Amino acid sequence: MSQQFQAPPGTFDVLPPDSARYTELVARFAGHASRAGFGLIVQPMFEDVGVFQRLGGSTDIVRKEMYDFEDKGGRRIALRPEGTAPVARAYVQHRPSVPWKVWYLTPKFRYERPQAGRFKQHHEVGAEALGTDDADLDVELIALAWFFYADLGLSRVRLLLNSLGDGTCRPAYRAALQAFLEARRDQLCDEHKDRIADNPLRVLDCKRPACQEATKDAPRQLDHLCEPCAAHFARVTSGLDALGIPHTVETRLVRGMDYYTRTTFEFAAEALESAQNAVGGGGRYDGLVEQLGGPATPGIGFGLGIERILLACDAEGVFAVPESRTDVFIVDTTGQAATRLAHRLRQAGVRCDRAFDGRSMKAQMKAADRAGARLALIIGDDEAAAGTVSVRGLQGLRGEGGQETVAMDDVVDYVRGLLT
RNA sequence: GUGGCCGUAGCUCAGUCGGUUAGAGCGCCAGGUUGUGGCCCUGGAGGUCGGGGGUUCGAGUCCCCUCGGUCACCCCA
C-alpha cells in the first residue's frame, strides 16, 4: 500500500476556482502600487539567517518562530519570516537611487501552531520605500494600503496608529518605562516579568488583564517624543486627515519587530471574530539599513496578509470573484478538428477549451455547459464533410439555444464578433 | 510549546443498546435521446470507517496510543 501525502501542517493548497481571488487580489494591489510609483521586487524565499537575527533578537518571530536550517553547504538559512529585512538587504546590496519604492508578493514562513487565520506559510502583498523620512511618504504608504482595502469592498477596517520615537527620544523613554515596570514587577504575568530588561515595550502589548491593569498608567512613548519625532507624527496625522483616512491613536501598539521607529500602524478587521484580526501592519524603520551594513537610510513599509484579508472579505460578504473559465468550448466528435481550431482561437485571443478522450457529443455538450462556455462550436461528421462548424449559443449569450452554420475558415472571426 | 473539541465515499453528513452484505444527498461516469448542455428518470463507479494496538463470540460504535484537522493561549498577517 502506497503512502498518501498531504500538505504539511499549517499549509494549504489553493485550487481553482478559489485561486481566482488570489490572482484578482494581487492584480488589484499591483495596480494601486504601480499607480503610486512602486515597482515589483522579486526576491529569494530564504536568506542568510543573520539578515533576520541581527535585527529582531528579542522578538518571538526571530527567537522561536523562524524556519531555519543548515543547507548542504553548511550555510545557516532561514525561510523568510517577514518581508522588510530582505528588502533592506537588497537595498544595501544594490544601492539603488532613492527614493526607492518597491512592492512584493511573497510567502512568509513562521513555525507556530496553526489556528484560525494563522498558518505556517501564509502570503502577503507589501510595499517598502527607502531613502527619505518625509512624513508625506508615511501618509502615502498608509493610503496605499487603506484604499486597497476599500477597493476590495472592505469597510470595517480600523487603522491603529502610534509613534515609537527614534534614537534620540526612545532610550530615555525606555528607561522610564523600565523603572515603572520594575516597580510593579509583582503584578505582571510571569512571561513578561522576564521581558522588562530586553523588551519593555512588549509588556505594554500583553493582553492579560493583570498586565493590562498594572500598566494602565505606564508612561506613553507618545508623551515622550523629542521635538522632531513629535512634529513628524503630527504631520502624519494631519496628512491622513487631509485624505479622509480615519485613524485611532493606539499608544500601546508595539508590533512584532524591533527595528521599528517613529510611525507604526496596524489594520484591524473588525468583521473578524477570531483573535487573529490584524489584516496588515507596518511602520518606519529608520535604523534598519544601517544595522544591515548600509549607509544610514530611512525607510517605511507594510505587509498585508492575503489569507486574512480574504477571511475579512468573507465576513463582510464582499470581493466575491466569479470564476471565469472559458468563453468557447469545442465539441468535436470527429477527433480531427479540435486541436487545430482551439489553436487558431487561442492565437486570436479567444479563451477556449475542449474535451478529450473522444467522448460522446452529449458528454462533450455537458462539459461545455459545466465549463461555463458562452458558445459551443460543434463539429460532427456532417460539418466535417461540409467544411463548416455549428455555432450554438449557451448560457448568458444572446440567442441562447440558437444555432448557426458557419464555414470553418470564417469561424474564428465570427466567434470574435459574437463575443465582443 | 500548552490545552479543548473533532476524524465514516471527492464534498456535506447519517449510522439506534456493540450485532451479520456501512447508507443518503451533492459531485463524477454511462444510459434514457445512435448529432446537442441545463431539468427529470434509471443504473454504475467510488470506503482497509485516519493509522496501530486492546476489550469482546462480535468494534464505525468501548479503551489506550499515534497521526491529522480545528479552535483557544502565546504571537502575529
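The values are calculated or read from the model by the stated rules, or taken from the named source; none is laboratory data. Nothing here was measured: the structure is a model prediction, and the numbers come from that model. Positions of Cβ are backbone-derived with ideal geometry, glycine not excepted, and every protein chain shown enters the neighbour counts. Heavy atoms of the whole protein, side chains included, go into the accessibility calculation; ligands, DNA and RNA do not. Shrake-Rupley method; radii C 1.70, N 1.55, O 1.52, S 1.80 Å.
A few comments on the model shown:
- Filter result (open to solvent by 20 Å² or more (accessible area, probe 1.4 Å) and either out of contact with any strand residue (DSSP E or B) (no Cβ under 9 Å at 6 or more places or on another chain) or not assigned by TED's automatic domain parsing to the domain that holds A:Thr84 (or both)) within the stretch A:124-160: A:Asp134, A:Asp136, A:Phe147, A:Asp151, A:Gly153, A:Ser155
- Residue among A:Arg351, A:Arg359 that alone is open to solvent by 50 Å² or more (accessible area, probe 1.4 Å) and near RNA strand B (Cβ under 8 Å from one of its atoms): A:Arg359
- Boolean, A:Leu222 is open to solvent by less than 10 Å² (accessible area, probe 1.4 Å) and either touching a residue at least 40 places away in the same chain (Cβ under 8 Å) or part of a helix (DSSP H, G or I) (or both): no
- Among residues of the stretch A:161-191, those that are in contact (Cβ under 8 Å) with a residue 60 or more places away in the chain, among the hydroxyl-bearing types (Ser, Thr, Tyr) and open to solvent by less than 30 Å² (accessible area, probe 1.4 Å), counted: 1
- Restricting attention to the stretch A:67-84, the residues that are in a loop (DSSP other than H, G, I, E, B) and either over 27 Å from the mean Cα position of the chain (by Cα) or closer than 12 Å to A:Asp48 by Cβ (or both) total 6.
- Which listed residue, of A:Leu377, A:Leu341, A:Leu419, A:Leu345, is at pLDDT below 95, among the aliphatic types (A, V, I, L, M) and farther than 30 Å from A:Val279 by Cα: A:Leu419
- Any hit, the stretch A:81-96, residues being open to solvent by 20 Å² or more (accessible area, probe 1.4 Å), over 30 Å from A:Ala371 (Cβ atoms) and in contact with a Pro (Cβ under 8 Å, 6 or more places away or on another chain): no
- Residue in the stretch A:6-23 that is part of a strand (DSSP E or B), open to solvent by 30 Å² or more (accessible area, probe 1.4 Å) and assigned by TED's automatic domain parsing to the domain that holds A:Leu292 present: no
- Residue match in the stretch A:310-322 (condition: without any contact (Cβ under 8 Å) to a residue 60 or more places away in the chain, surrounded by 12 or more Cβ atoms within 10 Å (Cβ to Cβ) and not small (Gly, Ala, Ser)): yes
- Residue in the stretch A:288-305 that is within 16 Å of RNA strand B (Cβ to nearest atom), among the polar types (S, T, N, Q) and either in the same structural domain as A:Glu128 (by TED's automatic domain parsing) or not in a helix (DSSP H, G or I) (or both) present: no
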